[in-house]
Amino acid sequence: MLFNIFLALIPVATAFFLRKKLHVVLKILLFAIWFLFFPNTIYIITDLQYLPYQLQNSSLTFQILLTIQYMVLIIIGIITFIVGFKAFENIVTKYKIKGSAKGLLYIGINFVFAFAVVLGKVQRTNSWDIFIDLPRVIRDIEKTIISTQLLFYVLLFGVITNIIYFLFRDVLLMKNLIKKKKRVKKRRA
């Protein structure tokens with residue numbers, strides 16, 4: 001779990017640096033790293049599959065601790081997902097994509113990331129495999145595309161990912177709206 005959290009922090013860190021003024025080549029490199037590692041943010045919630053078995057084979061005290069541990073893990077996954085996604089939102093804003101095109105782009109990219117999560121969860125493809133075993137990555141992608149069961153998982157996880165994104169993004173935006181209203185009130189006073 002700790003390693004998965006570390007992997008989820010990589011796109012958050014690159015998202016932070018992508019906001020800085022950097023040379024274009026460095027920005028492209030950072031975006032590529034962000035894109036490859038970003039699925040690790042939301043991948044964390046797939047570890048929930050291990051919870052029922054662990055609960056079943058544990059004492060009550062350990063069940064409580066496990067439940068808390070998994071709740072923290074889910075919160076970390078959602079926060080890194082939303083915070084890391086900000087890098088993509090900034091690019092969309094920079095290129096002045098608005099309205100339904102923007103929403104469709106967000107939905108589409110979440111399905112791309114859902115595909116990557118299925119690659120990682122089912123095919124056991126890692127983000128760094130693209131550098132060390134590209135032929136395997138290509139084979140895993142092909143296997144996923146031709147499998148109706150895996151495509152169903154992609155569709156299902158894509159829907160879940162989009163629900164999480166739009167639900168929690170709106171919660172965070174409400175915070176931002178409240179902050180903006182407070183700033184406006186201060187300026188008027």
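No lab work stands behind these numbers, since they all come straight from the coordinates. All values derive from a computational prediction rather than experimental measurement. Note: ideal-geometry Cβ built from the backbone for every residue, glycine included; neighbour counts use all protein chains shown.
Can you give the net charge of the other residues whose Cβ lies under 14 Å from the Cβ of residue 95, counting K and R as +1 and D and E as -1? Numbers along the way, then the final one.
Values: positive: 27, 94, 96, 98, 102; negative: 89.
Local net charge: +4.
Given the Cα-Cα distance of residue 68 and residue 105 and 0.36 nm per residue of separation, how much length would full extension add, in nm?
Working: separation 37, 0.36 × 37 = 13.32 nm, distance 3.46 nm.
Additional length available on full extension: 9.9 nm.
With no solvent and one equal point scatterer per Cα, compute the Debye intensity ratio I(q)/I(0) for the chain at 0.09, 0.16 Å⁻¹ and report its log10, rounded to two decimals.
At q = 0.09, 0.16 Å⁻¹ the computed log10 ratios are -0.40, -1.12.
At 7 Å along Cα-to-Cβ for each site, give me the label-to-label distance between residue 167 and residue 112 in nm.
2.5
Multiplying the sequence separation of residue 61 and residue 21 by 0.36 nm and subtracting their Cα-Cα distance, what value in nm do you get?
Values: separation 40, 0.36 × 40 = 14.40 nm, distance 4.98 nm.
Separation in residues times 0.36 nm, less the Cα-Cα distance, equals 9.4 nm.
Need the full-extension length gain, residue 160 to residue 134, defined as separation in residues times 0.36 nm minus the C-alpha distance. One decimal, nm. Working shown, then result.
Numbers: separation 26, 0.36 × 26 = 9.36 nm, distance 2.83 nm.
Here the segment from residue 160 to residue 134 would lengthen by 6.5 nm.
Can you give the FRET efficiency for residue 187 and residue 151, using 1/(1 + (r/R0)^6), R0 = 45 Å, r = Cβ-Cβ distance, to the nearest 0.05?
Values: r = 52 Å, r/R0 = 1.15.
Approximately 0.30, to the nearest 0.05.
Apply the Karplus curve 6.51 cos²θ - 1.76 cosθ + 1.60, θ = phi - 60°, to the phi angles in segment 147-156 and return the couplings in whole Hz, x for Gly and Pro.
Whole-Hz 3J(HN,Hα) from phi for segment 147-156: 9, 5, 5, 5, 5, 4, 4, 4, 4, 4.
May I have the convex hull volume per residue, in Å³, for the Cα set of segment 34-107? Show your work: numbers first, answer last.
Numbers: hull volume 6.9 nm³, N = 74.
Per-residue hull volume (Cα only) is 93 Å³.
Determine the shape class of segment 59-167: with a ≥ b ≥ c the square roots of the Cα gyration tensor eigenvalues, call it rounded for a/c under 1.5, and otherwise prolate if a/b is greater than b/c, oblate otherwise. Before the final figure, lay out each step's value.
On the way: a/c = 1.85, a/b = 1.13, b/c = 1.63.
The shape class here is oblate.
Using 20 Å as the Cα-Cα cut-off, could you pick out the over-long pairs in 27/121; 20/98; 27/86; 121/143?
Numbers: 27/121 29 Å; 20/98 23 Å; 27/86 15 Å; 121/143 13 Å.
Correct reply: 27/121; 20/98.
Determine the sum of side-chain charges near residue 81: Lys and Arg each +1, Asp and Glu each -1, restricted to other residues whose C-beta is under 15 angstrom from that of residue 81. If you can, show how the numbers build up before the last one.
Details: positive: 86, 169; negative: 47, 89, 170.
The answer is -1.
In segment 1-129, if the dipole is taken from +1 on Lys/Arg beta carbons and -1 on Asp/Glu beta carbons about the Cα centre, which of 108, 60, 41 is farthest to the positive end?
Of the listed residues, the answer is 108.
Taking H as built 1.01 Å from N, whose amide H comes closer than 5 Å to the amide H of residue 97, not counting residues under 5 places away?
Residues meeting the criterion, in which the H sits 1.01 Å from N, do not exist here.
For segment 1-54, just say rounded, prolate or oblate: build the C-alpha gyration tensor, square-root its eigenvalues into a ≥ b ≥ c, call rounded for a/c under 1.5, and beyond that prolate if a/b exceeds b/c, oblate if not.
Numbers: a/c = 4.48, a/b = 3.51, b/c = 1.28.
Because a/c hits 1.5 or more and a/b exceeds b/c, segment 1-54 counts as prolate.
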